[in-house]
1. Can you tell me which of (1) farther than 24 Å from residue 161 by Cα; (2) modelled with pLDDT under 95; (3) basic (Lys, Arg) is the one residue 66 doesn't meet?
2. Within the stretch 139-159, does at least one residue satisfy the condition of being of a type in the set (D, E, K, R) and at pLDDT 95 or above?
3. Could you check the stretch 179-190 and list, in sequence order, the residues that are out of contact with any helix residue (DSSP H, G or I) (no Cβ under 6 Å at 6 or more places or on another chain) and either crowded, with 23+ Cβ neighbours inside 10 Å or closer than 22 Å to residue 113 by Cα (or both)?
4. Whether any residue in the stretch 167-178 is modelled with pLDDT of 95 or more, among the charged types (D, E, K, R) and either surrounded by fewer than 23 Cβ atoms within 10 Å (Cβ to Cβ) or in contact with a Phe, Trp or Tyr (Cβ under 9 Å, 6 or more places away or on another chain) (or both) is what I want to check.
5. What do you reckon, is residue 196 closer than 22 Å to residue 36 by Cα, of a type in the set (A, V, I, L, M) and touching a strand residue (DSSP E or B) at 6+ places or on another chain (Cβ under 7 Å)?
6. All but one of (1) surrounded by fewer than 20 Cβ atoms within 10 Å (Cβ to Cβ); (2) in contact (Cβ under 8 Å) with a residue 12 or more places away in the chain hold for residue 209; which doesn't?
7. Answer yes or no as to whether residue 123 is within 13 Å of residue 206 (Cβ to Cβ), of a type outside the set (Val, Ile, Thr) and either at pLDDT 95 or above or in contact with a strand residue (DSSP E or B) (Cβ under 9 Å, 6 or more places away or on another chain) (or both).
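The values are calculated or read from the model by the stated rules, or taken from the named source; none is laboratory data. All values reported here derive from a predicted model rather than from experimental measurement. Cβ atoms come from the backbone with ideal geometry, glycine included; neighbour counts cover every protein chain shown.
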Amino acid sequence: MRPLCVIGLLASLAALAGCGSSPTTSGDPQLEVLKQNANNFHEKPANKNVSGEKMPTEFFDKDGKKVDLATYRGQKNVVLVVVKGFPNFSAYPNQFCPGCLAQVNSLAANYQKFRDKDAEILMLFPGPTDLLPKFLDDGRANPVPFPMLTDKDLKAVTALGIASDAIRQAVPSTYILDKQGKVAFAYVADTSLPDVTFDRPSVKSLLDQLDQLNAKK
C-alpha cells in the first residue's frame, strides 16, 4: 500500500491527503490573520443618529480629486466607512490597527456583493495621506476596488464628532446613506471597550442593512 505522504509532494496536496499537523493556509500568513480578525466584527444595530447637516458631502480621493456624495443621489446607496488612520500613539505603535486592516481587506474581497445591492463603498482615511499606500498594502487591498477618500486635516471626522487624539486619528465608524442621501444607518465604535479596534459592523451586517434599505422601495 502506498503511503499517504510522498517526499517532495506539494504542501497543498499533502494537506488534502491528511498529512502534516498544520492547517492549510493561502500561503500568506498575514492574509489569514486579516480574515480571522474580520471574524471578530459584529452585527449590532445602529447606535447613532446623524442629521443631514452633520454629514460631510465633499471629500478628496487619494489622487486629490474632489468627490461629492451628491453625485450618488438617485443612483446608489453609499456605504461610508471611516477607519482610524495611522496612530499617533496607541497600543499599536508604528503600525495600523488590526481592525482597520481587516476591514479594508474584507470589504475589498466582498466588493461585488455590495455592487450587486446597488451600493458603493467609500472608505475615509484620516491623517497623513502619504501613509495610505502602506495601509492598503498591509491590508492586502492594493489596488483597492472602491474609492479611498482622504481627510488630512481631520475636518470630516471633526464634523462627524468622531475625531479622537486619545485613540487614533478617528473613532472607527460606518454610515449607510440611501439614494436620497439620508443617513439610514450609523455605527460608531464604543471607545470604552477593551479593544475598540474590532467594534465595527461585519460585511454580513452591512449587506443585511442594504437588503432592508432596498426592500423599502
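1. Condition not satisfied by residue 66: (1).
2. Yes, the conditions are met somewhere in the stretch 139-159.
3. Matches in the stretch 179-190: 179, 180, 181, 182, 183, 186, 187.
4. yes
5. no
6. Of (1) surrounded by fewer than 20 Cβ atoms within 10 Å (Cβ to Cβ); (2) in contact (Cβ under 8 Å) with a residue 12 or more places away in the chain, only one is false for residue 209: (1).
7. It is true that residue 123 is within 13 Å of residue 206 (Cβ to Cβ), of a type outside the set (Val, Ile, Thr) and either at pLDDT 95 or above or in contact with a strand residue (DSSP E or B) (Cβ under 9 Å, 6 or more places away or on another chain) (or both).
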